[in-house]
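Asks: One structure is given below, represented as structure tokens, and several questions about it will come after.
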Amino acid sequence: MATIAVIGTLDTKGEELAWLARAIRERGHQTLLVDLGTGSPPILQPDLSREAVLQAAGGHLEEVLLCGDRGRCVEAMAHAAPVVMKQWFEEGKIDGVISMGGGGGTSMSTAAMRALPVGFPKVMITTMASGDVSAYLETSDIVMMPSVVDVSGLNSILRGVMERGAGAICGMVEAFSQKQDEKPTIVASMFGNTTSCVEHARSHLEESGFEVFVFHATGAGGRTMETLIESGLAQGVLDITATEWADELVGGVLSAGPHRHEASGKAAVPSVVVPGCLDMVNFHAPDTIPSVFADRQFYAHNPQVTLMRTTPEECAQLGIILADKINAYTAPVTVLLPLGGLSVIGGKGGPFHDPAADAQLFKSLQQGLRKGIEVVSLDLEINHPQFAEACTQALLKNMEQNAATKACGA
């Protein structure tokens, strides 16, 4: 028998959430009803009150409600609810979480769900599921179910949705195991222009007994990888593809934001970092590219993706940015430089082959790194099998060194 948290606003959605909890119990599981309401008193007694939710994060209901601003009330609850969910998960009190609501309820409930690790069952039945839900999901794996109608009364359509929602969360918790795979996990960043390198490295690492999770460096992919690293699920990081930084700096469409390459330092995970694909900025179709870049060099990757070559000046800035992030790493890290080219199209004879720009990147990156960080320069293109093998060997060495250091300190 699993325990499923049913969270939501018991002042406005109490009747519906009670029906949902009952549907879960009828399937043989327990529920914990959590009130996230910020208005009238709840219409039924929760297992965890709104007062207790706020207190878990050091807040007090009276102070929140006295402000008289619903937006600030919702914000306070969205800050507190994740604290409770994370604590309950770590204590093994819950095996899944489900919620139901409109805009405010979805904002608070998904904030709570995002505090839970990838793979942990989480279902959000919401009126907001028909549009752009990226703000609610961020890098989490929340399952969003459209409520079809508003969550307002137990009509036949909503009951059917809730019945399926109850079935979904129950099926998920029955299939879910909090036990991690016995194989140690390595995460890797890949792009179309570094696929051969990463695939060759992945094959070698899997033969060595590791499980490899590959993330597409498209902005969301980089952020998701960072989240997974920071959660402690990765024992090694093979960060081959840094292209998201070019988009962040220059204004492309695949930026991962300013915190890319920070998780390895925070989580103290042994790593390999390669400035892969920093020779390109990503845009959509040609007619979407800002006119300020009209005189730049472009390459049509496909009808929907246009690549722009980074300049020597931009490459110098990118080297400084990447060095600053790597300097914060606390576990063993090696930087490998593919002097023959940063991408498939950046090698000798390729449309983005620009040794002068690459040299600026390598120079600023090396000069910016603190003492003690190993730098390996190879006169190879990034997708050459020997470069991939060098990356693999460096990561395995760093992981062994990290394990030995931990053993000595135990």
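The values are calculated or read from the model by the stated rules, or taken from the named source; none is laboratory data. These numbers come from a predicted model, not from an experiment. Every residue, glycine among them, receives a Cβ derived from its backbone with ideal geometry; neighbour counts consider all protein chains shown.
Asks: Is there a residue being in contact (Cβ under 8 Å) with a residue 24 or more places away in the chain and at positive phi anywhere in the stretch 8-22?
Replies: yes
Asks: Against the definition (under 26 Å from residue 306 (Cβ atoms) and aromatic (Phe, Trp, Tyr)), how does residue 387 come out, yes or no? Write out each step before concluding.
Replies: Working: under 26 Å from residue 306 (Cβ atoms): no; aromatic (Phe, Trp, Tyr): yes.
No, not satisfied.
Asks: Here are some residues: 262, 230, 313, 244. Which one is among the acidic types (Asp, Glu), in contact with a helix residue (DSSP H, G or I) (Cβ under 9 Å, 6 or more places away or on another chain) and more than 25 Å from residue 391 (Cα to Cα)? Steps first, please.
Replies: On the way: 262 fails: more than 25 Å from residue 391 (Cα to Cα); 230 fails: more than 25 Å from residue 391 (Cα to Cα); 244 fails: more than 25 Å from residue 391 (Cα to Cα).
Among 262, 230, 313, 244, only 313 is among the acidic types (Asp, Glu), in contact with a helix residue (DSSP H, G or I) (Cβ under 9 Å, 6 or more places away or on another chain) and more than 25 Å from residue 391 (Cα to Cα).
Asks: How many of the residues making up the stretch 123-133 are touching a residue at least 12 places away in the same chain (Cβ under 8 Å) and surrounded by fewer than 15 Cβ atoms within 10 Å (Cβ to Cβ)? Step through it out loud before you land on a result.
Replies: Step one: of the stretch 123-133, the residues touching a residue at least 12 places away in the same chain (Cβ under 8 Å) are 123-130.
If we keep only those that are surrounded by fewer than 15 Cβ atoms within 10 Å (Cβ to Cβ) too, we end up with 130.
The qualifying residues number 1.
Asks: May I ask you to say which residue of 156, 99, 147 is among the small types (Gly, Ala, Ser), at pLDDT 95 or above and assigned by TED's automatic domain parsing to the domain that holds residue 73? Give the steps one after another, and end with the answer.
Replies: Working: 156 fails: at pLDDT 95 or above; 147 fails: at pLDDT 95 or above.
On inspection, the qualifying residue turns out to be 99.
Asks: Would a scan of the stretch 240-262 turn up a residue that is under 22 Å from residue 375 (Cα atoms), surrounded by fewer than 20 Cβ atoms within 10 Å (Cβ to Cβ) and assigned by TED's automatic domain parsing to the domain that holds residue 336? Let's see the steps before the verdict.
Replies: Taking the stretch 240-262 and keeping what is under 22 Å from residue 375 (Cα atoms), we get 240-246, 260-262.
From what is left, the residues that are surrounded by fewer than 20 Cβ atoms within 10 Å (Cβ to Cβ) are 262.
Restricting the remaining residues to those that are assigned by TED's automatic domain parsing to the domain that holds residue 336 gives 262.
Yes, some residue in the stretch 240-262 is under 22 Å from residue 375 (Cα atoms), surrounded by fewer than 20 Cβ atoms within 10 Å (Cβ to Cβ) and assigned by TED's automatic domain parsing to the domain that holds residue 336.
Asks: Another question, then. Could you please let me know if residue 173 is touching an Asp or Glu at 6+ places or on another chain (Cβ under 9 Å), of a type outside the set (D, E, K, R) and surrounded by 14 or more Cβ atoms within 10 Å (Cβ to Cβ)? Can you show your working first?
Replies: Working: touching an Asp or Glu at 6+ places or on another chain (Cβ under 9 Å): yes; of a type outside the set (D, E, K, R): yes; surrounded by 14 or more Cβ atoms within 10 Å (Cβ to Cβ): yes.
Yes; evaluated as a whole, the condition is true for this residue.
Asks: Now for a different question. I'd like to know if the stretch 181-194 contains one or more residues that are within 20 Å of residue 236 (Cβ to Cβ), surrounded by fewer than 22 Cβ atoms within 10 Å (Cβ to Cβ) and of a type in the set (Phe, Trp, Tyr). Working first, answer last.
Replies: Pass one, the stretch 181-194, residues within 20 Å of residue 236 (Cβ to Cβ): 181-191, 194.
Now narrow it down to the ones that are surrounded by fewer than 22 Cβ atoms within 10 Å (Cβ to Cβ): 181-185.
Filter once more, keeping what is of a type in the set (Phe, Trp, Tyr): none.
For the stretch 181-194, residues within 20 Å of residue 236 (Cβ to Cβ), surrounded by fewer than 22 Cβ atoms within 10 Å (Cβ to Cβ) and of a type in the set (Phe, Trp, Tyr): absent.
Asks: Yes or no: residue 291 under 23 Å from residue 224 (Cα atoms), modelled with pLDDT of 95 or more and among the hydroxyl-bearing types (Ser, Thr, Tyr)?
Replies: no
Asks: Among the residues of the stretch 258-299, which ones are among the acidic types (Asp, Glu) and more than 30 Å from residue 329 (Cβ to Cβ)? Full working, then the answer.
Replies: The first filter runs over the stretch 258-299 and keeps only residues among the acidic types (Asp, Glu), leaving 262, 279, 287, 295.
Answer for the stretch 258-299, where residues must be among the acidic types (Asp, Glu) and more than 30 Å from residue 329 (Cβ to Cβ): 287, 295.
Asks: Specify the residue that is surrounded by the most Cβ atoms within 10 Å (Cβ to Cβ); the eligible residues are those in the stretch 355-410 that are small (Gly, Ala, Ser) and within 15 Å of residue 338 (Cβ to Cβ). Talk me through it step by step, then tell me what you get.
Replies: If we filter the stretch 355-410 for residues that are small (Gly, Ala, Ser), which is where we start, we get 356-357, 359, 364, 368, 372, 377, 388, 390, 394, 403-404, 407, 409-410.
If we keep only those that are within 15 Å of residue 338 (Cβ to Cβ) as well, we get 357, 359, 377, 388, 390, 394.
Working: 357: 23, 359: 14, 377: 12, 388: 27, 390: 20, 394: 23.
Only one residue fits best here, namely 388.
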